[in-house]
1. Considering B:21, B:54, which residue is at pLDDT 85 or above and within 22 Å of residue A:32 (Cβ to Cβ)?
2. Within the stretch B:141-150, is there a residue that is outside any strand (DSSP E or B), at pLDDT below 80 and at negative phi?
3. Just give me the residues in the stretch B:1-12 being out of contact with any strand residue (DSSP E or B) (no Cβ under 7 Å at 6 or more places or on another chain) and facing chain A (nearest Cβ under 7 Å), in sequence order.
4. With the requirement that a residue be touching a helix residue (DSSP H, G or I) at 6+ places or on another chain (Cβ under 7 Å), closer than 14 Å to residue B:20 by Cα and either more than 7 Å from chain B (Cβ to nearest Cβ) or buried (at least 22 other Cβ atoms within 10 Å of the Cβ) (or both), what does the stretch A:35-63 give you?
5. Go through (1) closer than 17 Å to residue A:9 by Cβ; (2) more than 7 Å from chain A (Cβ to nearest Cβ); (3) touching a helix residue (DSSP H, G or I) at 6+ places or on another chain (Cβ under 8 Å) for residue B:29 and report which single condition fails.
6. I'd like to verify a number: residues in the stretch B:60-91 that are touching a residue at least 40 places away in the same chain (Cβ under 8 Å), under 14 Å from residue B:102 (Cα atoms) and in contact with a strand residue (DSSP E or B) (Cβ under 7 Å, 6 or more places away or on another chain), how many?
7. State yes or no: is residue B:35 under 25 Å from the mean Cα position of the chain (by Cα) and more than 10 Å from chain A (Cβ to nearest Cβ)?
């Protein structure tokens, strides 16, 4: 089940659980500004192939 | 958009999926670093320092003065028991008797600016709103202080070439601050740097704020 989180929980997940950040905004918006370390996978491109590089044993945070 | 992405990831077999609902806007509003071409725009957060000394109403000027000067500042933010900014100490306050209580010599709080706001327009507003002020604060939504910008530091930062090669045309004022921090460009922030900021913000217990669109205007 997906959990909605705030910034504090996000920071905790990054620090304590090595969470993977996925920016699902369009490429242009990602290019302008994104959270350091975030991977860009635009929503329309979110497929089993494009997420293959993500680890399944670590939390994934989308924004 | 992110709720749909989160659901799709779940269907793709990911078991630990989280949705940072307020996203990059909330991140920027907190003054946290970002990467990308928008770094050409300097933000207020780029000119702030998290090490602002704070004091409480029931402390004595002697104690606060020593702690403030030892930290390399000439001003102290006065907070209540919840950390809410209620005033500041500067100038004549330091000349008071050492046993004088802070509440008897403090003045009203410093100008408040948003950390995600563009630096250059904020400097203009700062100057017109508080021409005698030497510094300003960037608080959280609940009014407790997160970090401060000295006017001299802010002008120094604004006059550094941005990644677009532009600089501000404002001249630095004649602030009396003797301490100019090594204000890093966001483009040079390392993972360790922002991890440190993460910890700082976690300690402060940030609350959610909504970011405004950043202006590209340069004075």
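The values are calculated or read from the model by the stated rules, or taken from the named source; none is laboratory data. This one's a predicted model, so the numbers in the text were calculated from it and none came from an experiment. Positions of Cβ are backbone-derived with ideal geometry, glycine not excepted, and every protein chain shown enters the neighbour counts.
1. Working: B:54 fails: within 22 Å of residue A:32 (Cβ to Cβ).
One residue alone meets the criteria, B:21.
2. Applying the first criterion (outside any strand (DSSP E or B)) to the stretch B:141-150 yields B:141-143.
Okay, now just the ones that are also at pLDDT below 80, so B:141-143.
From what is left, the residues that are at negative phi are B:141-142.
Yes, that holds for at least one residue.
3. Narrowing the stretch B:1-12 to residues out of contact with any strand residue (DSSP E or B) (no Cβ under 7 Å at 6 or more places or on another chain): B:1, B:4, B:7-8, B:11-12.
If the condition is that a residue be out of contact with any strand residue (DSSP E or B) (no Cβ under 7 Å at 6 or more places or on another chain) and facing chain A (nearest Cβ under 7 Å), then B:1, B:4, B:7, B:8, B:12 are the ones that fit.
4. A:35, A:60, A:61, A:62, A:63
5. (3)
6. Applying the first criterion (touching a residue at least 40 places away in the same chain (Cβ under 8 Å)) to the stretch B:60-91 yields B:60-61, B:72-75, B:77, B:79, B:82-85, B:90.
Still in the running and under 14 Å from residue B:102 (Cα atoms): B:60-61, B:75, B:77, B:79, B:85, B:90.
Still in the running and in contact with a strand residue (DSSP E or B) (Cβ under 7 Å, 6 or more places away or on another chain): B:60, B:75, B:77, B:79, B:85.
Counting residues in the stretch B:60-91 that are touching a residue at least 40 places away in the same chain (Cβ under 8 Å), under 14 Å from residue B:102 (Cα atoms) and in contact with a strand residue (DSSP E or B) (Cβ under 7 Å, 6 or more places away or on another chain) gives 5.
7. no
Yes/no per residue for (1) crowded, with 19+ Cβ neighbours inside 10 Å; (2) more than 17 Å from the chain's Cα centre (by Cα); (3) at negative phi; (4) assigned to a helix (DSSP H, G or I):
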| site | (1), (2), (3), (4) |
| --- | --- |
| B:3 | no, yes, yes, yes |
| B:9 | yes, yes, yes, yes |
| B:25 | no, no, yes, yes |
| B:28 | yes, no, yes, yes |
| B:55 | yes, yes, yes, no |
| B:58 | no, yes, yes, no |
| B:63 | no, yes, yes, yes |
| B:69 | no, yes, yes, yes |
